[in-house]
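Engineer: One structure follows; several queries about it will come next.
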Amino acid sequence: MVQTERASLIQRMPDKKIFLSIVVFFLLFTFSTAYAMAKENTVTVEAAVLNVRTGPGLSYEIMAQVVEDEELNVIEEKNEWYKVRLANDRIGWVASWLVKNTEVMAATNSSGVITASTANVRKEASTSSDILGTVANGTELTVLFQQDGWTQVQYMGRVAWISSDLIEVIGPVEKTAPSTDVNSEQTQSIDTVTVRTNGTNIRSKPSVEAAVITTTQRGDSLTHIETEGDWYLISLADGTRGYVASWVVDSSNSDTPAPPAMITSLSEATIVLDAGHGGHDPGAVTDTFNEKLITLKTAERLANRLRDAGANVILTRDTDEYISLNDRVYYAHRAKADAFISIHYDALEQANVMSGTTTYYYSQSDLELAETINESLRTYGPLPNNGVREGNYFVLRENAQPSVLLELGYLNHYRDVSVVNTESYQSVIVESIYQALNNYFSP
């Protein structure tokens, strides 16, 4: 190298150092900004163990637990509860008074509508990513954010992705105004509670195992004293004190009795999902799987999909355990369910005779629910549809709530058994039932 070239190189070196310094500064600035933005939407757990629930209230089921000092990303705030994203991408709710909130600003979500005839919901923002399910034209989903041609949405209790070409963002997610329902946790403003049904028990302690002091009748107004978990301490007209379960009464923040609850959307509904069989009762069996396992898979998938819409979902079982028929009905009555759906897969004595889905109902009051669900299964389901039939099943016959029993395939038919235990089939079935319930609860 000649002297002039060496001198020229030495002169250029400071410029390179300046350039590298700028790059490092930019990266540090970007990281610190991203970190600050992330911190802006987080809360820190203050309780030793904090329950994460499926909805914004103590009466919703516990889906997970987090521990003290764990940080949670906040998606939405509703009725003094935070909707948070957990580390495994599941979404749940935590009580705001049990976390440290330093100027938390919940992310502003939007709603989106599927504009294509169908759209694949994927695990990651890539056409090569696993498909979690398929949604139909007109389906509304909560939009978290968009980037690089992909839209992140809330789907089946987790975050997922849809190509932005297939969804139209239509504006901020509609916020539900605080109500006096027990799930709103506005219990400090409750003055009276109104009994929903005749023979409602007033107990000595806040437990279904406690002694019954007396019973009350539909329309009786009771004075609210305080709330203990899912129970209200109340005072009767003669001054007697006792406990009544929050799920069997309506609350009011004045002396005027609460009006009957009117369900006008899926987000306001309480739905009990009953996974058939369980424990020592396997149901129908095949060489590789049995009914009790795939009914549970289907029920859990459907529960997550309904919770996306804000519905309060109760599973009669969430593990491989035996639940009596009487207890399954009891769950529906206790929750005052707006719909009870028992999920099954069938088998006949002779193989390859029957195929497809069948919807059963017992009373005329259940017929609308049955027909709505069956029409959706007929339209979207990949297997033949056998229509709506009357069925004298215990969980329907003894159920005072709107109820149906679904047979979603036959485990001794060669075609059905090849598909019913697949993620793709169950995703279609779940989406079909979801769409049906969304229509059923619409005004």
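Engineer: At 1.306 mPa s and 10 °C, plugging the Kirkwood radius over alpha-carbon pairs of region 376-415 into Stokes-Einstein gives what diffusion coefficient in µm²/s? Walk me through the numbers on the way to the answer.
Structural biologist: Details: Rh = 12.2 Å.
Taking Rh from Cα pairs, D becomes 130 µm²/s.
Engineer: Gain in length, Asp320 to Glu168, computed as 0.36 nm per residue apart minus the alpha-carbon separation, to one decimal in nm? It would help to have the intermediate numbers written out before the result.
Structural biologist: Numbers: separation 152, 0.36 × 152 = 54.72 nm, distance 4.03 nm.
Length gained between Asp320 and Glu168: 50.7 nm.
Engineer: Now for a different question. With only alpha-carbon pairs counted, each pair once and no self-pairs, how large is the Kirkwood hydrodynamic radius of region 352-397 in angstroms?
Structural biologist: Details: mean 1/r = 0.0902 Å⁻¹.
Computed over region 352-397, the radius equals 11.1 Å.
Engineer: Region 280-433: percent of C-alpha pairs farther apart than 25 Å? Don't skip to the end; give the middle numbers.
Structural biologist: Values: 2805 of 11781 pairs.
Beyond 25 Å sits 24 percent of the P(r) for region 280-433.
Engineer: Kindly list the residues of region 267-290 that lie in the label zone of Ala351, defined by a backbone N under 16 Å from the point 7 Å along the Cα-to-C-beta vector.
Structural biologist: Correct set: 284-290.
Engineer: Any chance you could get the radius of gyration and Dmax over the Cα atoms of region 200-248, in Å?
Structural biologist: 9.6, 25
Each reported figure results from applying straightforward, stated rules to the coordinates on display, with no laboratory input. Here the structure is a predicted model, which is why all the values come from computation and not from measurement. Positions of Cβ are backbone-derived with ideal geometry, glycine not excepted, and every protein chain shown enters the neighbour counts.
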